Amino acid sequence: MTDIGIGVVGGGYMGKAHSVAFAAVASVFDTALRPKLVHICASSDESAERYRQTYGFEKATSDWRVMVADPEVEAIVIASPQATHHDIALAAFAAGKPVLCEKPLGVSVAQSQSMVDAAEAAGVANMVGFNYVRTPATQYVRKLLDEGRIGKVTWFRGEMTEDFFADPDIGGWRGQGAANGCMGDLAPHMINCARALMGPITTLNAMVQTVHPTRAGEPVTNDDQAQMMCTFESGVQGHMFFSRVATGRKMGYAYEIHGTHGHIRFDQEDQNALWLYTTEGPEAERGFRKILTGPEHPDYLPFCQGPGHGTGYQDQIIIEAKDFLTAIAEKRPVWPTFREGLEVNRIVAATFASSAAGTWVNVADY
């Protein structure tokens, strides 16, 4: 096993998740590369040093340029705000260093395209942090679809719904700027899921809404929820709904898929189970059955030998770290690359354009 020096930009919510993941991943998956927590970067020297001590890094800085230039840092994880992603990624690629970047990729389609171009020109591993699609259950759903288990797919419905902003008296930074709105923050996860399960989206008709135009006496400059009708490249129709004001929903990353011979349901609030209906057997005995994830499902066994015991949120990030290390070690792209992040950004841009125009739009135009 070969050591690889890891640098993480950002020490907060996702910075902690990635730091914990890279500290654990080699033990969980016995990866060819064993990460060393070399350098962490935060917004101030004080917070960087605090994160260094807490997470076990060797060095700390408040200047990401120092971290990227550190010869002991061989791969970069970007877990800082979206507006910072572009410059950090381009600097890392110029130095020939692989990058795992949190979603969304860039603040615009043009910026994301620039990041894709730099990644592909550098020829190094690049990934975007769409972690929810990595649960053993959703990975298994992809396998069921690939095998045609529910026949020809006829319909897709997805949602990404939470209620952390349901109270109109809550204000603050989340109400400011497109990157912090529902389409910038929550929607990319379900858009990525829809593409993973169903393939490219070609056309869509969307409505984007700010439910609470003011919060705590301050004007809100971004969106609270959105919905879209869409058509996939396969011809299948679908619908998606995204909301940060969906009272009662805590982690509503959920989808259902209809087919000519079956139906699949999944809800991230019960992430270790999926529901499968098939048209096998006599009608009187048909019905949904609950499948609990276990060692027979993708990426489950390294965590636990017991079926039904389950994996959690942090485990998704560990799986993500494993995939990133695999891409580096094997010198090959591992999905989702920066190009997937670009395509998700393109759909977000098309959603806003459709809502403004009140009509169907072609995703490829954005």
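Bear in mind these aren't lab numbers, they're just calculated from the coordinates by the rules spelled out. Remember, predicted model here, so these are calculated numbers, not experimental data. Please note: Cβ atoms are built from the backbone with ideal geometry, for glycine as well, and neighbour counts cover all protein chains shown.
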Pairwise FRET efficiency - residue 149 versus residue 50, Cβ, R0 = 51 Å, nearest 0.05: 0.55
As a Kirkwood estimate from alpha-carbon pairs, the stretch 236-312 has a hydrodynamic radius in angstrom of 14.7 Å
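DSSP loop trypsin sites (Lys or Arg not before Pro) in the stretch 307-366 with at most 16 other Cβ atoms within 10 Å of their Cβ, which ones?
The qualifying sites are 331.
Which value, in debye to the nearest 20, describes the size of the charge dipole of the stretch 159-279 about its Cα centre when Lys and Arg Cβ atoms bear +1, Asp and Glu Cβ atoms bear -1, and nothing else is charged? Can you show the working numbers first?
Numbers: 7 positive and 14 negative charges, 43 e Å.
In total the dipole reaches around 200 debye.
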HN-Hα couplings for the stretch 64-79 via Karplus (6.51, -1.76, 1.60; θ = phi - 60°), in whole Hz with x for Gly/Pro, come out as 4, 5, 5, 5, 4, 7, 4, x, 7, 8, 9, 8, 10, 10, 9, 10
The distance between the Cα centres of the stretch 111-145 and the stretch 275-315, in whole Å, is 24 Å
Please give the length that would be gained between residue 331 and residue 163 if that part of the chain were fully extended, namely 0.36 nm times their separation in residues minus their C-alpha to C-alpha distance (nm, one decimal). 56.4 nm
Compute the orientation-averaged projected area for the chain from the convex hull of its Cα atoms and round it to one decimal in nm². 19.1 nm²
Among 219, 81, 104, which one shows the highest mean-square fluctuation when the chain is modelled as a Gaussian network with alpha-carbon springs under 10 Å? 219
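Longer than 21 Å from Cα to Cα, which of 290/322; 103/250; 152/250; 36/59 are they? Say none if no pair is.
Over 21 Å apart, Cα to Cα: 290/322; 152/250.
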Could you rank the peptides 265-276, 9-20 by their average count of other C-beta atoms within 10 Å per residue, with the highest value first? 9-20, 265-276
Counting only helical runs of four or more DSSP H residues, what would the 222 nm mean residue ellipticity of the chain come to if each run contributes -39,500 (n - 2.57) and the total is spread over all its residues? -11000 deg cm²/dmol
Counting Lys +1, Arg +1, Asp -1, Glu -1, what net charge surrounds residue 157 among other residues with beta carbon under 10 Å of its beta carbon? -1
Taking amide H positions as placed 1.01 Å from N in the peptide plane, with prolines and chain starts having none, which residues 5 or more places from residue 245, or on another chain, fall under 5 Å of its amide H? 162
Distance histogram in 10 Å bins (all Cα pairs of the stretch 326-366, percent per bin): 28, 34, 20, 14, 4
Residues of the stretch 176-202 with amide N under 19 Å of the 7 Å Cα→Cβ point at residue 362: 200-202
Scoring the chain by relative contact order with C-alpha pairs under 8 Å, at least six apart, yields a percentage of 20 percent
